[in-house]
Structures are given as C-alpha cells and as structure tokens.
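Colleague: Sending over a structure as structure tokens; questions will come in a sec.
Bear in mind that the values in this text are calculations on the coordinates, not laboratory data. Because the structure is a prediction, the values reported are computed rather than measured.
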Amino acid sequence: MDQSVTADEIARYRTVVLEGGDGVGKSTLADLLVTHHDFIAVHSPRTPDHENLIERYRKLLARPGRLVLDRSFISELVYGPLYRGHSRLTWHQALELAGIVSARNGVFLHLTAPAATVQSRLAARDGQAPGLDKITELADAYHSVFRVLASHAPVLTYDSTTEGSRPDG
C-alpha cells in the first residue's frame, strides 16, 4: 500500500484487520476508523491458553457491521513461534480465518515503522522499550507471515513513520 493511502480508502472495506508490532499505530488508526467511518473496534489481546482461538475469531468475524480488529489471530502466528516456540494456530486454520475476513470484504493492513521509530514511540508511551534487536526480530517475523498471507488474502502494507504519512480522514 502506498504511504499516501487515506482512512477513506481503507474504510472502503467492511472489515479491516490491523497488525504489526507494538508502537506502529494500530490503535491510533483503529480509533480514526471508529470515529470517522462508523467501524466497531475490537482489540484482541493475547487469548488465554485454554480458549479456542479459531472459534473465538469465527464468532468475532460473524458479528454484523463494519469491524476493525486492532490485532488479531495473525499475532499468534508471529508471537507464538517467537516467544513460545510454536503457534497455537496452524496455517490451515489461519487461512480459513483469512478467508472469512476476505468474504466480509476485508483487508489485512500490515502497519510498519523503522525499529528506532517504534522504540521511541514505545518509550514515550510506556516509559520503556525493548532493544532495537527485539523490535527488528518482531518486524521480520511479521513480514514473513504477511508474505505468506498475501498469496491467500488481500494484504496492504502501511509505513507509519511520519505524521505526514499517517492516514487521515
């Protein structure tokens, strides 16, 4: 996706799945879509181990209306292998869910920013931030997952580096 994309262009979709590491602007963009484009936002923190991920997201994606997911099952494909050595979702399950997103006239929006920018944002927001190596490792993992996903579902990439390149209404 070009950096010049606007929230109006993103809002042409009925379902928008925002993904990327902490500090790339997912919640900011979700808030904009809710405020200016009548989306219903769903933030998805890590799902507890006892909960069935695929059923959770099937139910969520069965909701009526325009949805913006501020993080989703895609994060499990990234964080699971990095921090637990495996994902709780198979690729088959993830692609099934991606098909549901696509059937809802949906798009996956991969938000990115340079590691130093992410580190600065996280330090400002949280008072601390991981090292550049950890941020880069996470960004590389997201890139790998989206490279595979893009051959099965609509994926747009958005670099949120500067205020001027952020989506506006």
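Colleague: Only helical DSSP H runs with n ≥ 4 go in: add -39500 (n - 2.57) per run for the chain, normalise by residue count and round the 222 nm mean residue ellipticity to 500 deg cm²/dmol.
Modeller: One gets -13000 deg cm²/dmol as the mean residue ellipticity at 222 nm.
Colleague: Rank Gly131, Gly99, Gly65 by mean-square fluctuation in a GNM of the chain with C-alpha springs under 10 angstrom and give only the top-ranked residue.
Modeller: Gly131
Colleague: For the range 141-153, just list the computed ³J(HN,Hα) in residue order, Karplus coefficients 6.51, -1.76 and 1.60, θ = phi - 60°, integers in Hz, with x standing in for Gly and Pro.
Modeller: Ordered by residue, 3J(HN,Hα) equals 5, 4, 4, 5, 5, 5, 4, 6, 4, 4, 7, 10, 7 Hz.
Colleague: Taking the chain as a Gaussian network, Cα atoms linked when under 10 Å apart, which of Ser72, Ser102, Ser144 shows the biggest mean-square fluctuation?
Modeller: Residue with maximal mean-square fluctuation among Ser72, Ser102, Ser144: Ser144.
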